[in-house]
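Just so it is clear, none of the values below were taken in a lab; they were calculated from the coordinates. Bear in mind that the values here come from a model prediction, so they are computed numbers and not experimental data.
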Amino acid sequence: MRQRLLFVQTRARFRDVKTLEKFAAAHAAIHNHFNHDRHLNRRDVFKQRRSAALAEWRQLAA
């Protein structure tokens, strides 16, 4: 529910549909890398996955 609200609020800032589509595609790709539902995992598993996601992001952004 929170994600939907964030998306709707963000969408309100965009006037051009093309810009919104670009944002939505990038947001979905990045959000999936960093959203690991921490409360469902042990701390060491969470940290390992978080580090791997951050390393992959840095490699993609370089």
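Structural remarks
- Across segment 24-31, coupling constants 3J(HN,Hα) worked out from phi with the 6.51/-1.76/1.60 Karplus curve, θ = phi - 60°, read 4, 5, 5, 4, 4, 5, 6, 4 Hz, and Gly and Pro carry x.
- Contour excess over end-to-end distance, with Cα ends at Gln48 and Phe23 and 0.36 nm allotted per residue: 6.2 nm
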